[in-house]
Amino acid sequence: MEHQILTIKPESKIIIGTVPGDLRVRGGEQAELSAKTDGIELAVTDKDGIVEISCDGDLILSLPQQAGIQVEKVEGDLSVRGLLGSVSVNETENDAALSHVGPVDLKGVGGNLVLRYASGAVRVTGVGGDASLRHIYGDLALSAVGADLYLRDVRGSVLATAGEDIVAYIEPLAEASYTLSAGKDIVMRVPANLDLQVNATAGAHNGVKVALSGLLEEAFSGVYSATFGSGSAKASLTAGGSVLLTNRVDEWEARADFDVDDGSFVWEKFASMGVDVGTRMADMGVKMGEMGADIANRVAERMANVNIRSERVRERAEAAARRAELKAQAALRRAEQKLRQSERQMESQMRHTEHHARHWNVSFESQAAPSAPPRPRVSDEERLAILRMLADKKITAEQAERLLSALEGG
């Protein structure tokens, strides 16, 4: 990127050759010229108030607001703001956006045209797309608009042609003339106290409609003439489609919704955006730092809580294991007690049987022993405890069978 700064006279004339990219011009209170390009070549020379500039890329200029510019060609977009000297551009291949400028002379705008606040006469020859002009404090000559044309608050005479629709809000001035020609429709809004001589012609199979306060007229033949007030101002309206002359807001708003947006001065938004983004990033850095500390604290708290919960889980698991072991040991003791009780009962029964056998002189071998009393069945809890001891290898399979058999009374 090349950048040059040069002190110049406030009313200097800036002559620019062909700009291979976009041209951005801004006027200000400074008494110097600042030129920047994203290319590698930038030449700036000053010869007694005539400054010549050439470059090989986009060009951004900051000038004293009284300076004027003359440009041969812009191969990209054109943006001019705050330049009260004259603006003359022979050709702009893309869009052109101008605001708060002096007299304007544009030839061959390839895209759309947006113009806001011109303090002198405006002449535009050829617009490829739409055109929107407001607050023109001088005469307006606008020819060959390729698409739609929107006009409002022109403080001078108007001569304009458009390939499609024309929507104009005109407050007629004494002795001024308004000549509008559209390939399609014309909608012209006027104030309630109208002082205007009107001659309107609509296209074939179309009509002229006049919708004013207290007056509603239609000319189905497509030709209409009338004088309102003294008729010092004159309007000539020619449309390939229909013509509407009205002071009714609803009639106007229904047709005036295609205006081009003001937001074409994106280059200036980018300039302020840099500061805004820097500020927001700095704020974001502080917030991220605060957020980082807050997150760190919360993470530490959560980790402490996790550790506490983990310790509690471990303690509960150990307690459950101890309870299970105690239950198993208790079950084993009960099984051993039942085994010893069963053995004592068997011995007592055997002694009782032998006593009766001797008393009755009955051979012990020839008599069947009376059946033993039913033994209580082992509980599910005891059986589960034996199986757990077997699974934990605290007892062998043979010992488990003996315990179960003993508990079952076998």
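Values for this structure:
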item	result
Unmet criterion (only one of (1) within 37 Å of the chain's Cα centre (by Cα); (2) crowded, with 22+ Cβ neighbours inside 10 Å; (3) farther than 27 Å from Ala131 by Cα; (4) hydrophobic (A, V, I, L, M, F, W, C)) for Ile53	(1)
The listed residue being modelled with pLDDT of 95 or more and touching a helix residue (DSSP H, G or I) at 6+ places or on another chain (Cβ under 8 Å), out of Ile69, Ile53, Ile60	Ile60
Segment 1-50 - residue that is of a type in the set (Gly, Ala, Ser) and surrounded by fewer than 19 Cβ atoms within 10 Å (Cβ to Cβ) and, of those, farthest from the chain's Cα centre (by Cα)	Gly49
Count of residues meeting criterion [more than 14 Å from Leu194 (Cβ to Cβ) and either in contact with a Gly (Cβ under 8 Å, 6 or more places away or on another chain) or touching a residue at least 40 places away in the same chain (Cβ under 8 Å) (or both)] in segment 218-236	6
Identity of the residue in segment 219-235, surrounded by fewer than 17 Cβ atoms within 10 Å (Cβ to Cβ) and closer than 11 Å to Ala202 by Cα, that ends up modelled with the lowest pLDDT	Phe220
Pair list, Cβ under 6 Å, 6 or more apart: segment 199-217 residue buried (at least 16 other Cβ atoms within 10 Å of the Cβ), other residue charged (D, E, K, R)	Gly207/Glu218; Lys209/Glu218; Val210/Glu217; Ala211/Arg248; Ala211/Glu251
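For every residue, the table says whether it meets (1) at pLDDT below 95; (2) closer than 14 Å to Ser54 by Cα.
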position	(1), (2)
Glu2	yes, yes
Glu11	yes, no
Ile14	no, yes
Val19	no, yes
Leu23	no, yes
Arg26	no, no
Gln30	yes, no
Ser34	no, yes
Ile40	yes, yes
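The values are calculated or read from the model by the stated rules, or taken from the named source; none is laboratory data. Every value quoted in this text rests on a predicted model; they were computed, and no experiment measured them. Heads up, the Cβs are rebuilt from the backbone with ideal geometry, glycines too, and the neighbour counts pull from every protein chain shown.
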